[in-house]
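For reference, the structure discussed in these notes is given below.
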Amino acid sequence: MGPEDERFAEWGFTGWGFAGWGFDGWGIEIQSMRVERTIPMFAGDAPPNAARFVRVVVERGIDTRGGLDGLTYASRWDDIAVGERVNVPLGTGDTSAGGVVVAVGGDDLLAGLSASKIKHVSSRAGAGFSPPLIELARWVSAYTVTPLGVVLAAMMPAAVKKGVGRRGEQRLSPAPADVIEPKAASLSPALASAWARITALEPDAFPVAPAELAQRVGEPNTRSIRRLTTLGLLTPSTVSVVRVQGHQPTQGDAQGDPRRSLAPEPSPEQSAAIAGISADPDRFAVHLLRGVTGSGKTEVYIRLLERVLARGRGAIVLVPEIALTPQTETWFRSRLGPLGVGVAVLHSGLSASQRHAEWERAAKGHAKVVIGPRSAVFAPVSPLGLIVVDEEHEGSYKHEQLPRYHARDVAIKRGQLERCPVVLGSATPSMESWANASGASPKFRCWHLPRRVGGGSLPAVTVVDMAAERRVLAASGIDPSARNIGPTLERELARTLADGGQAILLLNRRGYASMIACARPACGWVLRCDACDAAMVLHRGAALPKGALVRCHHCLAEQLVPPLCPSCQGAVGHLGAGTQRVEEELLALLGASHGLAEGSTMVRVDSDTMSNAGDYFRTLARFGRGEARVLLGTQMIAKGLDFPGVRLVGVVSADTGLNMPDFRAGERTFQLISQVAGRAGRGELPGRVIVQTYAPDSPPILHAAAHDYLAFAAEELELRRAADLPPARRMARIVCREQDAAQARSRAVELASRLRAIDGLDVQGPMEAPISRIAGYYRWAVEVYATGAGAIQRGLTSLRAAGLLKSDSRTAVDVDPISLL
């Protein structure tokens, strides 16, 4: 074992095998379990003419057992390799299925089967994964209790697998010298002149497309190029290329500050972080960069990227929201572009051909930096020198469908496999990351950026008691139930607009009203979804009540608002407020007096108005140019955005998520308020923040108002330790889903019973999920706790090996869940 292997053994990783699965999600555990490789990944010393077999993991929900991954097939190609995508016949009908080669060898892969019964690989698909990505897929599969084929299918965009936009195109190169000499002497003067200019080109200019060649040598068209090809002086070949169709949605440069194209002098704290993180670039380590909003974390990222690129390596930069990719791309291109570095962007807002083209640019090394949301963690960057997870605390990094991975954890595991540093950046780190970076034996190295760059100050925050605001409204003869904007926020908003500033208003609830109910309290009727244990949410149409509808935010069922209460035939009322209602209220309060117009000078940003990535980018670009004065939206506007003109941030209701039945409710509330408050005061003028709440003494709200992350984190971690909740202990959650409630409960009871028989596990439940039914399926949950991830993995693995547990449509296995609804 060499020095590198010894170093990785310390982290629980040896060669291409795992000890304790290496990374346990929040830190590395050494003494948990060991998985030995039972199949060689490479062919070894098999003779050239020996039978060649491969193990292929089909991109289906097939959970193989017995320590073997995939199915054995015969290969007609000697150069077939691990990681390559292929098509294989599956089942008695030989249905064609895509899959990935995970092992190559000889008879050792037959596992006792007769070679005569082995089917052949049908075709090779072209794209593939590197060996580290195959190992990453194995880790995700084991950690999330998901079939390996499902994981591999999720790691590559469908557009790449389908070859969207790929076509063959002609390229030209000069013929061999012995072919050219006898033919060049007989060329006409015009062709001789063109040929002379072609031969004057550098050798690396070839192969080249005919039209591009004509342009380079100054020919008005391709006629002479075609003639030289016919004469044999130019040799044609066909290459496979991906052609982009459609226009990539872009936010343009309007949102970015022009100063971003400059390279500012780093502060002492930034310089320390840059030097410390890049001190050992070939060693895996996790660095937590905790910097207040506006402290220059992006500048640290760019400086680190410059050092990584100078060493010939690439990088992946993860952002939590699709809306942030153009902003980040603009900043990075402005600094890295002059260095000749390609930057690729991967997100769902691209067309299929665009996504394929960007993926291929990264795979071929034409783009050394890849930016994107969580799925970009699987980008084919090689060699990889750095992974950055910006706003690492964000819940959007968790994939809530199969496979249920957290991109932050996958990034750390990939950094371990690729032997490169991983940087987690946030002004409000998750409790898991903070626990790993603090204490007596920290697993992460922590770097602090305590001040805003350029001498700016954090905005002043005022916490407004909405109970007192309602009394003020009532004393003024205004119905408090009709108002969501209190007098203080209204006054500050009017002042900001009058002074020429911009404002961001946050309400993390879309729609018009959160509940439809009978207006008579004695009746008690509430409009609920027929398929879910949830109230329907009112969404307005052109006018209310005509054109209004109610929608379930879980199964998306819709219906018209009933004209009368179906129980007592009384009037129907609506309770609670969403972004639509606040938008209507703002227009009534300030529209005429301050020039606010719906969709023009005031824009609403939520999933109802932003139907695709282009909508996000165009809206934010308009706000960046100052065309829109007020940005009203849900949490998607709370993070990462940098608009120097924003002088006021208003939190319409800080209580939206505070009382959710989830132990992370306080943490999320603190993070959301802190992050949106950080959007104010990033220009030359100071910013102000108004936080409206019915719980003005709540610790998360008070700490956020004081910009005091350290005090909040200390209190929150102590509460978690007292309650034995993550990160004090590890957790997994299993939800059984059935259309029959008794069957869902019965399956949950059996799983809980089996898990209780395993040492080291604290099993709670089964219990009805807080939302007991979604889309017609009843939901029963089992919660599993342990002091470390190893015990949970052993328990889940044993049930999986026995065929009792698999993540699928009926059973959701969520390791390290971030939501308990």
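The values are calculated or read from the model by the stated rules, or taken from the named source; none is laboratory data. Treat the numbers as computed from the prediction; the structure is a model and nothing was measured. Methodologically, a virtual Cβ is constructed for each residue, glycine included, from the backbone with ideal geometry; neighbour enumeration extends over all protein chains shown. The area values use the complete protein model at the heavy-atom level, side chains included, leaving out ligands, DNA and RNA. Shrake-Rupley method; radii C 1.70, N 1.55, O 1.52, S 1.80 Å.
Listing for the model above:
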item: Packing rank of 344-355, 139-150, where each peptide gets the mean count of other beta carbons within 10 Å, highest leading; result: 139-150, 344-355
item: Hydrodynamic radius by Kirkwood, which averages 1/r over all alpha carbon pairs of the chain, in angstrom; result: 29.7
item: Residue-span extension gain [T199 to E400] - 0.36 nm each, minus C-alpha spacing; result: 66.6 nm
item: More than 24 angstrom apart: percent of Cα pairs within segment 75-183; result: 42
item: In Hz, Karplus ³J(HN,Hα) per residue of segment 88-97 (6.51, -1.76, 1.60; θ = phi - 60°; x = Gly, Pro); result: 9, x, 10, x, 5, x, 6, 5, 6, 9
item: Whole-percent pair-distance distribution, where bins are 10 Å wide, for the alpha carbons of segment 130-215; result: 13, 27, 15, 13, 16, 11, 5, 0
item: Gyration tensor (alpha-carbon) shape descriptor, segment 189-233, a/c threshold 1.5; result: rounded
item: Cβ-placed point charges (K, R +1; D, E -1), dipole of the chain about Cα centre in debye, nearest 20; result: 1380
item: Surface per residue (accessible, 1.4 Å probe) for the chain, Å²; result: 41
item: Paramagnetic label zone (point 7 Å from Cα along Cα-to-C-beta, D530; backbone N under 18 Å) in segment 764-791; result: 773-778
item: Paramagnetic reach from W77 in segment 104-131 [backbone N under 13 Å; point 7 Å along Cα→Cβ]; result: 121-129
item: Within straight-line cross-link reach of K806, aspartates and glutamates at Cα separation under 18 Å, skipping those fewer than 8 residues along the same chain; result: E59, D63, D69, E400, E738, E750, E783, D814, D816
item: Segment 448-491: projected area of the alpha-carbon convex hull, averaged over directions, in nm²; result: 4.7
item: Segment 697-819: C-alpha gyration tensor shape, a/c 1.5 cut-off, then a/b vs b/c; result: oblate
item: Over 23 Å (Cα to Cα) - which of K162/K364; K368/K443; K297/K368 fall in this group; result: K368/K443
item: 0 to 90° range, to nearest 10: angle between helix 189-199 axis and the chain longest Cα axis; result: 70
item: Rounded to the nearest 20 debye, dipole of segment 659-753 from Cβ charges on Lys, Arg, Asp, Glu; result: 280
item: Segment D697-A272, length gained on full extension (0.36 nm per residue, minus Cα span); result: 149.3 nm
item: Positive-pole candidate from S237, A184, A695, dipole of the chain, charges at beta carbon; result: A184
item: L589-E306 FRET efficiency (beta carbon distance; Förster radius 41 Å; 0.05 resolution); result: 0.25
item: Dipole axis of the chain (+1 Lys, Arg; -1 Asp, Glu on Cβ), positive-most option in I225, P421, G61; result: I225
item: The chain: angle of helix 789-801 to the longest principal axis, Cα-based, in degrees nearest 10; result: 70
item: Expected-Rg normalisation [2.2 N^0.38 Å, Cα atoms] applied to segment 489-637; result: 1.17
item: Kirkwood Rh and Cα Rg combined as Rg over Rh, evaluated for segment 330-370; result: 0.99
item: Helix 407-418 vs. the chain, principal-axis angle (Cα, 0 to 90°, nearest 10); result: 30
item: Derived scalar couplings ³J(HN,Hα) [segment 720-726; Karplus, 6.51 cos²θ - 1.76 cosθ + 1.60; whole Hz; x for Gly, Pro]; result: 5, 5, 5, 9, 6, 10, x
item: Interatomic Cα distance distribution for segment 342-396, bins of 5 angstrom, percent; result: 4, 20, 32, 24, 12, 8, 1
item: Antiparallel %, DSSP beta bridges [both residues in the chain], to 5; result: 60
item: Global geometry of segment 691-767, whether rounded, prolate or oblate, following the gyration tensor of its Cα atoms and the 1.5 cut on a/c; result: oblate
item: Fraction of alpha-carbon pairs over 21 Å apart in segment 406-511 - percent; result: 63
item: Apportionment of accessible area to carbon and sulfur, segment 659-707, percent (1.4 Å); result: 61
item: Interchain or long-range residues, amide H under 5 Å from F284's placed H; result: C420
item: Whole-Hz couplings from phi, Karplus 6.51/-1.76/1.60, listed for segment 689-694; x for Gly and Pro; result: 10, 10, 10, 8, 7, 9
item: Ranked packing of 56-64, 794-802, most packed first, by mean Cβ within 10 Å; result: 56-64, 794-802
item: K364 versus V472: modelled label distance in nm, points set 7 Å from Cα along the beta carbon direction; result: 6.2
item: Among beta bridges that DSSP assigns inside segment 284-425, antiparallel share in %, nearest 5; result: 5
item: Förster radius 41 Å - calculated FRET efficiency between D708 and R520, Cβ distance, rounded to 0.05; result: 0.35
item: Cβ-derived FRET efficiency at R0 41 Å, R243 paired with S334, nearest 0.05; result: 0.90
item: Segments 264-270, 392-398 sorted - mean Cβ within 10 Å per residue, highest first; result: 392-398, 264-270
